[in-house]
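J.: Shown below is the structure under consideration.
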Amino acid sequence: MTPSTRATTSRPANCSAVVGLQWGDEGKGKAVDLLAARHDAVVRYNGGANAGHSVVVGGTRYALHLIPSGILYPGKRAIIGNGVVVDPWKLIEELDGLASRGVDTRGLMISDRAHVVLPYHKLEDGLREDLLKGGAAKAHAEGVAGISEIGTTRRGIGPAYADKVQRASGVRMGDLLRPGVLAEKLELAMAIKRPLLRELAGKQPDIDLPRLREACAQVGTRLGPMITDTTYLLHDMLGEGRPILFEGANGTLLDVDHGTYPYVTASNCGSAGIPSGTGVPMANVLRILGVMKAYSTRVGTGPLPTELKDATGDRIRERGREFGTTTGRPRRVGWLDLVAVRYSSMINGVTGLAITLLDVLAGFDELRICTAYKVNGSVTDRFPPDAIDLAAVEPVWTTLPGFGEEIGRCRRRQDLPDGARRYVEFVEERVGVPADIISVGPDREQTMVRGESE
Ligand code: GDP
Ligand code: IMO
Ligand code: MG
């Protein structure tokens with residue numbers, strides 16, 4: 001029997017996953033970094049360079065976009081699964097950036113089936129956004145509800161996933177190593193994209209096919225040694241009983257199926273993305289850590305029921321340094337929405353919570369938490385993921401006492417001031433899941449782990 005056939009049947013499940021329970025930027029990078037020590041590989045299964053995962057080690061900050069956060073641990077495998085869309089130029093930039101800071105990137109492997117984000121995807125992403133922007137302004141002027149721009153990262157994510165689903169012209173990482181196939185696919189893609197881009201841009205798109213072919217061949221040569229069948233690689237590891245950590249990108253409320261559609265990204269960001277994005281069955285994943293901020297943030301457009309557009313929001317934004325890791329955009333900020341988090345926890349099958357950025361809430365007299373929604377005069381604890389429905393809800397608040405003291409130096413749960421401890425307990429009770437991790441600062445050290453610190 002080969003290891004790969006033994007993998008999912010006779011070995012105990014010993015894998016873990018880290019998923020975001022809100023609209024992204026929950027602190028997944030830090031959570032992955034904490035858990036990576038106990039795993040042999042860290043695997044990205046969704047999204048692309050729209051993600052920005054920060055890890056702070058001993059005061060040094062790393063921002064990872066495509067490379068799994070586990071790369072910072074020497075000797076670990078870092079795997080980009082088939083469900084990711086890879087911008088090879090961005091990936092090389094990231095590899096070089098890490099190498100220049102002394103990080104050993106030899107553990108990186110990339111699925112030959114991951115799709116490639118090409119320059120025309122980024123162009124299309126931007127042009128579609130511009131079109132929506134114009135359309136929304138017109139609709140607004142005419143007094144009708146328009147669909148506004150999504151506020152994408154303009155990294156070509158949506159168009160690349162769309163081409164994957166359209167099939168024939170979708171370029172996969174493995175195709176970068178097959179010049180004949182690559183040329184044929186690019187030719188086909190151009191036949192479809194050129195008229196579309198010309199129409200959207202109102203001018204001839206600036207795409208030189210021979211130059212693009214050459215550029216693809218160059219990145220193929222550079223990345224070639226890392227491109228492989230990662231599904232068998234993972235199953236071989238499972239067969240050897242080696243624990244694997246799955247690193248979710250974006251957040252459950254940005255999930256294309258379960259998020260606040262259409263203001264979402266283009267992939268399954270939650271745990272459901274793991275089997276399709278890696279080829280590893282869910283039965284292997286024993287622990288699912290749901291990462292949630294102690295409040296809410298959102299980048300881009302779409303409803304945020306607890307949004308604070310006042311001085312309180314500004315204060316949280318400043319204290320939490322809520323500016324995007326990928327685009328630098330200021331994040332929209334709101335009080336914690338437990339209707340949303342309970343929903344995400346349910347969708348993901350979360351077994352433990354990581355409550356992050358709790359330190360940001362120090363200094364408020366009272367803390368508000370949304371525990372239900374009022375819709376058309378009645379109260380519900382159910383989350384309506386459709387954006388139009390969600391925009392119509394009104395939060396029902398529970399007010400908890402605040403805590404005055406800074407908590408960045410607390411290392412045990414019992415050291416937290418009463419208000420902070422009560423806040424965490426309230427979240428645990430309402431979500432029905434224990435807080436495995438409480439994070440009180442960006443650094444690895446600023447963490448309380450259940451069972452370790454008390
Ligand atoms: P991700 O996309 O989920 O990995 O999150 P990001 O890295 O985009 O954003 C989270 C930000 O919060 C980063 O700047 C982290 O360094 C920072 N961070 C993480 N945990 C904490 C925490 O407990 N307290 C504070 N103050 N910052 C944190
Ligand atoms: P991490 O992994 C926050 C948001 C964008 C936009 C929408 C669609 O760092 O948590 P896209 O470029 O994916 O088509 O944009 O999704 N978005 C994120 N917001 N964190 C992320 O990733 C995000 N990835 C996408 O702002 O609203
Ligand atoms: Mg981020």
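J.: From the list Ala420, Ala387, exactly one residue is away from ligand 3 (no atom under 16 Å from the Cβ), over 22 Å from Cys269 (Cα atoms) and surrounded by 17 or more Cβ atoms within 10 Å (Cβ to Cβ). Which is it? Walk me through how you get there before you give the answer.
T.: Values: Ala387 fails: over 22 Å from Cys269 (Cα atoms).
Sole residue among the options that is away from ligand 3 (no atom under 16 Å from the Cβ), over 22 Å from Cys269 (Cα atoms) and surrounded by 17 or more Cβ atoms within 10 Å (Cβ to Cβ): Ala420.
J.: Just for the range 55-79: of the residues that are among the hydroxyl-bearing types (Ser, Thr, Tyr) and outside any strand (DSSP E or B), which one is nearest to ligand 3 (Cβ to nearest atom)?
T.: From the range 55-79, those among the hydroxyl-bearing types (Ser, Thr, Tyr) are 60, 62, 69, 73; that's our starting set.
Now restrict to residues that are outside any strand (DSSP E or B): 69, 73.
Working: Ser69: 11, Tyr73: 20 Å.
Looking at residues that are among the hydroxyl-bearing types (Ser, Thr, Tyr) and outside any strand (DSSP E or B), I get Ser69.
J.: Of the residues Ala41, Ala7, Ala17, Ala49, which is touching a helix residue (DSSP H, G or I) at 6+ places or on another chain (Cβ under 8 Å), modelled with pLDDT of 95 or more, farther than 25 Å from Val299 by Cα and aliphatic (A, V, I, L, M)?
T.: Details: Ala7 fails: modelled with pLDDT of 95 or more; Ala17 fails: farther than 25 Å from Val299 by Cα; Ala49 fails: farther than 25 Å from Val299 by Cα.
Of Ala41, Ala7, Ala17, Ala49, the one residue that is touching a helix residue (DSSP H, G or I) at 6+ places or on another chain (Cβ under 8 Å), modelled with pLDDT of 95 or more, farther than 25 Å from Val299 by Cα and aliphatic (A, V, I, L, M) is Ala41.
J.: Could we say that Ala162 is in a helix (DSSP H, G or I) and either in the same structural domain as Ile71 (by TED's automatic domain parsing) or within 30 Å of Gly300 (Cα to Cα) (or both) here?
T.: Here the answer is yes, as Ala162 does meet what is asked.
J.: Any residue at all in the range 191-202 that's on the phi > 0 side of the Ramachandran plot and either surrounded by 22 or more Cβ atoms within 10 Å (Cβ to Cβ) or not assigned by TED's automatic domain parsing to the domain that holds Val165 (or both)? Walk me through how you get there before you give the answer.
T.: Filtering the range 191-202 for residues on the phi > 0 side of the Ramachandran plot gives 202.
Checking the rest, the ones that are also either surrounded by 22 or more Cβ atoms within 10 Å (Cβ to Cβ) or not assigned by TED's automatic domain parsing to the domain that holds Val165 (or both) come to none.
Within the range 191-202 (the criterion being on the phi > 0 side of the Ramachandran plot and either surrounded by 22 or more Cβ atoms within 10 Å (Cβ to Cβ) or not assigned by TED's automatic domain parsing to the domain that holds Val165 (or both)), the answer is no, since none of the residues qualifies.
J.: Sticking with this structure for a sec: Restricting attention to the range 226-253, which residues are buried (at least 18 other Cβ atoms within 10 Å of the Cβ) and on the phi > 0 side of the Ramachandran plot?
T.: Listed by number, the list holds a single entry, Asn250.
J.: For the range 189-199, state whether one or more residues are in a loop (DSSP other than H, G, I, E, B) and modelled with pLDDT of 95 or more. Break it down into steps so the answer makes sense when it comes.
T.: If we filter the range 189-199 for residues that are in a loop (DSSP other than H, G, I, E, B), which is where we start, we get none.
Looking through the range 189-199, none of the residues is in a loop (DSSP other than H, G, I, E, B) and modelled with pLDDT of 95 or more.
For every residue, the table says whether it meets (1) out of contact with any helix residue (DSSP H, G or I) (no Cβ under 8 Å at 6 or more places or on another chain); (2) buried (at least 21 other Cβ atoms within 10 Å of the Cβ).
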site	(1), (2)
Ala311	yes, no
Thr326	yes, no
Arg329	yes, no
Asn348	no, yes
Leu353	no, yes
Asp365	yes, no
Thr371	no, no
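J.: Now for a separate question. Output the residue which, of all residues in the range 235-264 that are touching a Cys at 6+ places or on another chain (Cβ under 9 Å) and not in a loop (DSSP other than H, G, I, E, B), is nearest to ligand 2 (Cβ to nearest atom). Write out each step before concluding.
T.: Initially, the range 235-264 is screened for residues touching a Cys at 6+ places or on another chain (Cβ under 9 Å), giving 238, 243-246, 248-256, 258-259.
Those left that are additionally not in a loop (DSSP other than H, G, I, E, B): 238, 244-246, 252-254.
On the way: Leu238: 25, Ile244: 19, Leu245: 15, Phe246: 13, Thr252: 10, Leu253: 10, Leu254: 5 Å.
That would be Leu254.
J.: Looking at the structure I just gave you, is Thr306 under 23 Å from Ser439 (Cβ atoms) and assigned by TED's automatic domain parsing to the domain that holds Asp33?
T.: Considered against the rule, which asks whether it is under 23 Å from Ser439 (Cβ atoms) and assigned by TED's automatic domain parsing to the domain that holds Asp33, Thr306 comes out as yes.
J.: Is it the case, given these coordinates, that Asp257 is among the charged types (D, E, K, R), assigned by TED's automatic domain parsing to the domain that holds Thr399 and under 24 Å from Lys164 (Cβ atoms)?
T.: Values: among the charged types (D, E, K, R): yes; assigned by TED's automatic domain parsing to the domain that holds Thr399: yes; under 24 Å from Lys164 (Cβ atoms): yes.
Judged against the criteria, Asp257 is a match.
J.: Within the range 24-54, restricting attention to residues that are under 14 Å from the mean Cα position of the chain (by Cα) and in a strand (DSSP E or B), which residue is farthest from ligand 2 (Cβ to nearest atom)?
T.: Keep residues of the range 24-54 that are under 14 Å from the mean Cα position of the chain (by Cα), which gives 24-32, 43-54.
Narrowing the set further to residues that are in a strand (DSSP E or B) leaves 43-44, 53-54.
Working: Val43: 14, Arg44: 10, His53: 6, Ser54: 8 Å.
It comes out as Val43.
J.: When residues of the range 315-343 are filtered for being away from ligand 3 (no atom under 16 Å from the Cβ) and either out of contact with any Leu (no Cβ under 8 Å at 6 or more places or on another chain) or not in a loop (DSSP other than H, G, I, E, B) (or both), how many remain? Give the steps one after another, and end with the answer.
T.: Step one: of the range 315-343, the residues away from ligand 3 (no atom under 16 Å from the Cβ) are 315-316, 318-319, 334-343.
Checking which are either out of contact with any Leu (no Cβ under 8 Å at 6 or more places or on another chain) or not in a loop (DSSP other than H, G, I, E, B) (or both) leaves us with 315-316, 318-319, 334, 336-343.
Going through the range 315-343 one residue at a time, the tally reaches 13.
J.: Residue pairs, Cβ under 7 Å, 6 or more apart or interchain, first in the range 172-183 and among the polar types (S, T, N, Q), second buried (at least 21 other Cβ atoms within 10 Å of the Cβ). List them.
T.: Between residues of the range 172-183 that are among the polar types (S, T, N, Q) and residues that are buried (at least 21 other Cβ atoms within 10 Å of the Cβ), there is no close pair.
J.: Another one. Which residue, of Thr371, Thr312, is more than 16 Å from ligand 3 (Cβ to nearest atom), assigned to a strand (DSSP E or B) and either among the β-branched types (Val, Ile, Thr) or in contact with a strand residue (DSSP E or B) (Cβ under 7 Å, 6 or more places away or on another chain) (or both)?
T.: Details: Thr312 fails: assigned to a strand (DSSP E or B).
On inspection, the qualifying residue turns out to be Thr371.
The values are calculated or read from the model by the stated rules, or taken from the named source; none is laboratory data. A quick note: this is a predicted structure, and the numbers were derived from the prediction, not measured. Here Cβ is always computed from backbone atoms with ideal geometry, including for glycine, and neighbour counts include all displayed protein chains.
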